[in-house]
Amino acid sequence: MMNTVLSRLLPRQIAARFLTGGVFLASILMGGGAFAEQRNGNVYGLPPCVTTTGLQIDSIIKIIFWLTAVVFVVTQGTYIYYLIVYRRRPGVPAHYSHGNNTLEIIWTTAPTVIFLALAIYSNRVWEEIHRPAPDNALTIDVSSYQFGWQMRYPGISGKLAPMDVRKITPENPFGTDPSNPLTSQDVISTDLVIPVGRPVHVLLHSRDVIHSFYVPEFRIYQDCVPGRTIGWVWFQATQTGDFQLACNQLCGTGHYNMKAPIHIMSEKDFQSWITPRQQKNAGTTPSAPTASVAAPSPVKATDLTAPIAGTTL
Amino acid sequence: MSASLTQEGIPSVDAHDGSHHDDHGHGKSGIMHYLWNTDHKMIALQFLWSATFFLLFGGAMALAMRWQLAFPGHPIPVIGHLLPHGVVNDEGAIIPSGYNVLVTMHGTILVFFVAMPLLIGVFGNFLIPLKIGAGDMAFPALNELSYWLFALSGIIMLSSFWVPGGAPGTGWTAYAPLSSVAAYNQTPMGQSLWCAALFVNGLSSITGAVNYITTVITMRAPGMTMFRMPLPVWAIFLTAILLILAIPVLSAAAALIIFDLNFGTTFYRPTGYGQPLLWQHLFWFFGHPEVYILILPAMGLTSEILSVFSRKPVFGYKAMVWAMISIGFLGFIVWGHHMYVSGMNLTLSAAFSVSTMVIAVPSAIKTFNWMGTIWRGSIHYTVPMAFAVSFVSMFVIGGLSGIFMASTPVDLFVHHTYFIVAHFHYVLFGGSMFAIFAAVYFWFPKMSGRMFNNTLGWIHFWMTFVFFNLTFFPMHNLGLGGMMRRIADPTVYDCLKQLQPLNVICTIGAMGLGLATIPFVVNIVWSMRNGPKAPANPWNSTTLEWTVSHPIPHGNFAVTPTVYHGPYEYSVPGLVRDFLPQNEKAPAHVTLEAH
Amino acid sequence: MNNAAYNDSSLFHAPMLAEVSEHDHHAAPPTPPATCKLGMCIFLCSEALLFSGLISAYLVLRESAGSWPPNFGDGIELPPMPKLLTGINTVILVGSSFAFHGAEVAVKKGKSGARWMLLAAMMGATFIGLQCVEWTELYHEGLWFNKGGVYGSTFFTLTGFHGAHVCVGVLLILWCFFLQVTKGTFSPKRHVALDNVGLYWHFVDVVWVFLYTILYLF
Ligand code: HEA
Ligand code: HEA
Ligand code: CUA
Ligand SMILES: [Cu+2]
């Protein structure tokens, strides 16, 4: 049936088996590889998750993982089966068919339903993650620049000095108002120090180009856009530990190394970290860190998140 | 302007009746003919050789990057010293800014100077006129202009390596204001040239697309209705429409970067009330259709190859066409899925997530129809078929990882990680490149009149298949493990140190993939001259290009063919042969199934 | 040139090229006019998208700047756009579209139409001249590409892009004019190049009406 050239090009049977075997191999890799479990020293899973919202993300990853795994195994299994049983055999001609409309309708509607369900579910979680930060949240101004981070904590009064992104200059890196008494009270830090179990609301700023706030263990990525305040990111840590804040948006030569330490500590440790600093800035004598210092009054998140022009873009 | 303007008074110098004739030894010299010719088949080859050069160049950059990622700070063996100083230090190890340059140029070159010219420049040019039964393109001179604009853009792009400051290191997405403010990127000249190159490259794409669309609409042979066109023609036709609509937006956006860099405008700079996100919207409005520009032709080519070697009509031909049309339409309303976490309005993110999920549906339709095509076929395993078969599997892997990212909360975690890198190499290499390899082998006999070397072909296939998966599969794990894109040294992060073995595996795979490319290049270069002569229709195909024999004369068809039925009539019961060419009427006793 | 038009090593040497020569005796018939016009229309679609990109950039920036002209809080007053002068200019440009149409009608009737072409070109040139005057004035009032933030950036870039298109259009019309005057190229049967220049010219005018509306009137 086929001419000589074609038959000369035909590989040995083995090749066909290898081909299908190869596809199988990929499927096994996929199964073992993308397994969405926490990483415990092995390299095949997600890093530990230390925020409440991260757990929600992990569960949706798991759902999609199993969905796609099933789709993958079923489609590729069928495909490989066809590749084997319908390989050319002498005397067995191909079946003449241009298609089947019923099948087309089925395999159009089924994925549509699945995908829409997935979109709706995803967006519900998305909304949940981004609901306004609770009132008792600790608000921290996170300011990024080429190539580093600075954090600004509320001072002794428990309030962050207001800032204006359009006032950010090299001399006034946070864009705060120098005449405001709150400004000198703010506590500046190069490390992101946060208490466990309390919501933390970060206000993301950039002084030059776009950077991003990325912590894999928090399951959070958010760009810091110059000229804007990104005010919708908050999280609540579930365990103490030391992590790293990474800039994950290409921002220039030093991008690869633009990181900052993160310390999640108990509320008590956190107080003994921040209180002396607050007192120092307030001009009061720094007292030895003790646990008896009262927690700062909660910050009203909404004070600082009024959108500036253009956040709808 | 367009060549149509020059039609008046200046008859175009081509597409005559196909008879050979001497040109009396005067006129342009041979080299001039090579540089300026208007035959679509020659232009296809010009694109082929240029893109192959860029494949080696851009691929070699990827290998350098992989070396740095596996062994950060170690000098690149042997060739490290040969690399330019903006990229490596005195020891021959890649420096961070050099790494950024490599990422940028690798992405840009492989997208704009390899995948696009191969899919559109080579196969669009070669196949459209032959498959629709036309003598050439509608505007042959414009066609050649398109090639030279492409070549010019390549030269501009490469020249950025040698200007003060060197080539840009802002990623192929060139996010502003990094790209648009000299003080931030330190490479204003390189960045301007990058933008200029994309502008010229865009002109090339647009001139090409004008030609393709016009040709398909006006120059089909008698009987070649739209729904009798082979799927590659449909695919490239739709791609050309996407080009017309998407490319100018990139051109405009890139021009604004040039202005910001050089004339002090503040489009993307917040101090003048510019908007950094404006660039991202414009870029991705182009960028997302762009990725479908890179996959639609691949899908079309694959569909045809699967059908030929299964000896079966394409399953659901019309569904295939409608799926491609809907991909084209929907492709323009999903760009925001690249910006879920860019600071864009959160509700907008949610809306884009819905449209992104919807656009996966036509891809699903296509996947199922490919499976339907091989179902109950008589599958012949040849090199092009092996690539086409693997295309489907690789595309499915890449598509399924796309579903993860399409879900907004998941993207909150995986955005800009190696999970994304894995995704797009599965669709771009496992998809577009596999289809390109399949198509190069499949149409090689028609392009050169010779057969390729089969052994080298199989070596190329197996090495590519194995090493491709070895290179890119572990990147899913790297990404889920938290490894960021575009970082020159993953070991600066504690949580990534333990992932380093995976990086080494990827790099080993990449080296193998680089080696795999050698038999490919050797094969096509060598076989073009020395392969055994090919018969006119070595694969027993039905479409019109196989009805002309080598050498295909200028003007292609001595007599314009007439088309009697759809493109894929294989294994029609009641016929002696298992294929019925488009220009042959079915005998009276045979009924063709409607498609 | 060798005579083996398509030899075996063809792909390295110039294969099908032996057939193409400047002295092509059997020149193919020129591409049909309808095809040429279709090509032009497709090209203009992509031009339309180019301007859409620019216009949407303008609208977005204007929307997010709060007020327009924006208030940078530096006390510098930014000049308003000269509506009247440009209004007259708009009339001139639109008028030139009609003039060009006159040329097309004349050619179709078998007349030369060269005067209409010249008129259209002159009107186009006048438009450019007046735009230059306006640019200079705004420059002296403190507005430029690099002054007045996005207000200056968008205005000069958008009008600049359009102005470049007008310049090309004027050159094309002059080219038609010279062809007609020197060679009498266009006749009732052959005028596709003229038609295509017309399509382009009308397109450029329509874009201007949009630009005038959004840049000056609102
Ligand atoms: C050829 C190119 C190509 C193709 C075809 C695709 C296809 C898809 N892409 Fe991809 N994408 C890229 C190239 C491509 N992409 C590139 C280059 C980037 C990165 C750019 C950069 O940042 O540098 C990117 C980035 C990218 C992102 C942004 C990620 C981020 O930066 O955070 C997203 C998010 O939604 C996405 C989604 C998708 C989806 C949903 C599809 C879908 O079309 C896939 C549909 C296919 C399938 C789903 C498989 C087959 C279907 C079935 C077997 C049916 C049944 C399935 C189910 C029921 C689940 N892509
Ligand atoms: C079609 C598109 C395409 C293709 C085919 C490839 C092919 C490859 N890519 Fe590509 N890649 C992109 C498109 C593509 N890539 C894009 C768009 C990006 C994003 C850029 C960005 O972030 O801005 C990217 C980013 C990217 C990264 C992420 C970098 C980072 O974020 O830090 C990595 C990392 O491993 C990588 C690796 C590879 C490898 C190993 C190959 C291999 O397949 C290459 C195999 C090698 C060859 C084919 C060459 C063979 C060469 C020789 C044998 C040497 C001989 C040399 C000479 C004679 C000169 N790519
Ligand atoms: Cu900052 Cu990357
Ligand atoms: Cu996309």
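Values in this text are rule-based calculations from the coordinates and carry no lab data. Please read all numbers here as calculations on a predicted model, not as lab measurements. Note that each Cβ is placed from the backbone with ideal geometry, even for glycine, and that neighbours are counted across all protein chains shown.
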With θ set to phi - 60°, apply the Karplus curve 6.51 cos²θ - 1.76 cosθ + 1.60 along region A:68-82 and write out the HN-Hα couplings as whole Hz, x wherever there is a Gly or Pro.
5, 4, 5, 4, 4, 5, 5, 5, 6, x, 4, 4, 5, 4, 4
Label-reachable residues, region B:221-245, where backbone N falls under 19 Å from a point 7 Å from B:Leu592's Cα toward its Cβ
B:221-235
Looking only at lysines whose Cα falls under 25 Å of C:Lys108's and that sit 8 or more positions away or on another chain, we get C:Lys37, C:Lys183, C:Lys189
If I model a spin label at B:Lys533 and B:Thr271 as a point 7 Å from the Cα along the Cα→Cβ vector, what separation in nanometres do I get?
7.1 nm
List the extent of the Cα atoms of the protein assembly as shown along each of their three principal axes, largest first, rounded to whole Å.
101, 78, 60
Divide, for region B:385-523, the radius of gyration over alpha carbons by 2.2 N^0.38 Å, where N is the residue count.
1.18
Using alpha carbon centroids, what distance separates region A:54-98 and region C:49-101, in Å?
56 Å
Counting sequence-distant residues (5 or more places) and residues on other chains, those with an amide H built under 5 Å from that of A:Ile220 are A:Val215
Applying a 10 Å radius around every beta-carbon, put C:66-77, C:186-197 in order of their mean neighbour count, most first.
C:186-197, C:66-77
The ratio Rg/Rh over the Cα atoms of region B:244-300, Rh being the Kirkwood inverse mean 1/r radius, stands at 1.13
Return the subset of B:Lys312/B:Lys446; A:Lys167/B:Lys497; A:Lys167/A:Lys280 for which the Cα-Cα distance in this structure is over 32 Å, preserving the input order.
A:Lys167/B:Lys497
How high is the relative contact order of region B:382-524? Use alpha-carbon pairs under 8 Å, at least six apart in sequence, and give a whole percent.
30 percent
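Averaged across A:209-217, how many Cβ atoms of other chains sit within 10 Å of each residue's Cβ atom? Spell out each step's value before the answer.
Values: counts 12, 10, 1, 6, 1, 7, 3, 12, 2.
Mean number of neighbouring Cβ atoms from other chains: 6.
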With unit charges on the beta carbons (Lys and Arg positive, Asp and Glu negative) and the dipole taken about the Cα centre of chain B, which residue among B:Ile325, B:Asn469, B:Met65 sits farthest to the positive side?
B:Asn469
Along region B:523-539, what does the Karplus equation 6.51 cos²θ - 1.76 cosθ + 1.60 (θ = phi - 60°) give for ³J(HN,Hα), rounded to whole Hz, x for Gly and Pro?
4, 5, 5, 6, 6, 3, 9, 10, x, x, 4, 9, x, 5, 10, x, 9
With r defined as the distance between the Cβ atoms of B:Thr455 and C:Val91 and R0 fixed at 60 Å, what FRET efficiency is calculated, to the nearest 0.05?
0.25
Quickly work out the A:Val73-to-C:Glu77 label distance, labels modelled 7 Å from Cα along the C-beta direction, and quote it in nm with one decimal.
7.6 nm
Please name which of C:Leu85, C:Gly129, C:Trp116 has its Cα lying farthest along the dipole of region C:48-142 towards the positive end, using unit charges on Cβ (Lys, Arg +1; Asp, Glu -1) and the Cα centre as origin.
C:Trp116
Rank by packing, highest mean first: peptides B:435-442, B:354-361, with packing defined as the count of other Cβ atoms within 10 Å averaged across residues.
B:435-442, B:354-361
For region B:55-68, just list the computed ³J(HN,Hα) in residue order, Karplus coefficients 6.51, -1.76 and 1.60, θ = phi - 60°, integers in Hz, with x standing in for Gly and Pro.
4, 5, 5, x, x, 4, 5, 4, 5, 4, 4, 4, 4, 4
Rounded to two decimals, the Debye log10 I(q)/I(0) of region B:47-175 (Cα scatterers, no solvent) at q = 0.18 Å⁻¹ is -0.95
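Can you show me the helix-derived [θ] at 222 nm for the protein assembly as shown, built from DSSP H runs with n ≥ 4 at -39,500 (n - 2.57) apiece and divided by the number of residues, rounded to the nearest 500.
Helices in the protein assembly as shown give a 222 nm mean residue ellipticity of -18000 deg cm²/dmol.
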q = 0.09, 0.17 Å⁻¹: log10 I(q)/I(0) that the Debye formula gives for chain C, counting C-alpha atoms only
-0.52, -1.13
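Against the empirical 2.2 N^0.38 Å scaling, what ratio does the C-alpha Rg of region C:40-92 come to?
Working: Rg = 15.9 Å, N = 53, 2.2 N^0.38 = 9.9 Å.
Compared with the compact-globule rule of thumb, region C:40-92 sits at 1.60.
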Any residue on another chain or 5+ positions along whose placed amide H is under 5 Å from the amide H of B:Arg450 is listed here as B:Ala534
Output field shielding_mean for B:164-172 (other chain Cβ, 10 Å radius) holds 1
What whole-number value in cubic angstrom gives the convex hull volume per residue for the C-alpha atoms of region C:117-170?
53 Å³
If you fit an axis through the alpha-carbon atoms of helix B:418-427 and take the longest principal axis of the Cα set of chain B, what angle between them do you get, 0 to 90°, nearest 10?
10 degrees
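Rounded to whole Å and sorted largest first, what semi-axes of the equivalent ellipsoid does the C-alpha gyration tensor of chain B yield via the square root of 5 times each eigenvalue?
Those come to 39, 27, 24 Å.
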Determine how many Å³ per residue the convex hull of the Cα atoms of region A:106-205 encloses.
164 Å³
Where in chain B lies the longest segment free of GluC sites (Glu not before Pro) that are both loop residues by DSSP (not H, G, I, E, B) and have at most 16 other Cβ atoms within 10 Å?
B:92-592
Run through region C:99-158 and list the GluC sites (Glu not before Pro) located in a DSSP loop whose Cβ has at most 15 other Cβ atoms within 10 Å.
C:Glu141
Ordering A:107-115, C:174-182 by per-residue average of other C-beta atoms within 10 angstrom, highest first, gives C:174-182, A:107-115
Computed label-point distance, nm, for sites B:Lys585 and A:Arg198 using a 7 Å Cα→Cβ extension
8.9 nm
Principal axis dimensions, largest first and in whole angstrom, of region B:453-507 by Cα:
48, 18, 17
Radius of gyration, Dmax [region B:173-231; alpha carbons; angstrom]
19.9, 61
Tell me which residues come under 5 Å, amide H to amide H, from A:Thr51 once H is placed; ignore anything under 5 positions away on its chain.
A:Thr238
Between A:Ser59 and B:Gln498, how high is the FRET efficiency from 1/(1 + (r/R0)^6) when r is the Cβ-Cβ distance and R₀ = 35 Å? Nearest 0.05.
0.90
Per residue of A:104-112, what is the mean number of Cβ atoms on other protein chains within 10 angstrom of that residue's Cβ?
6
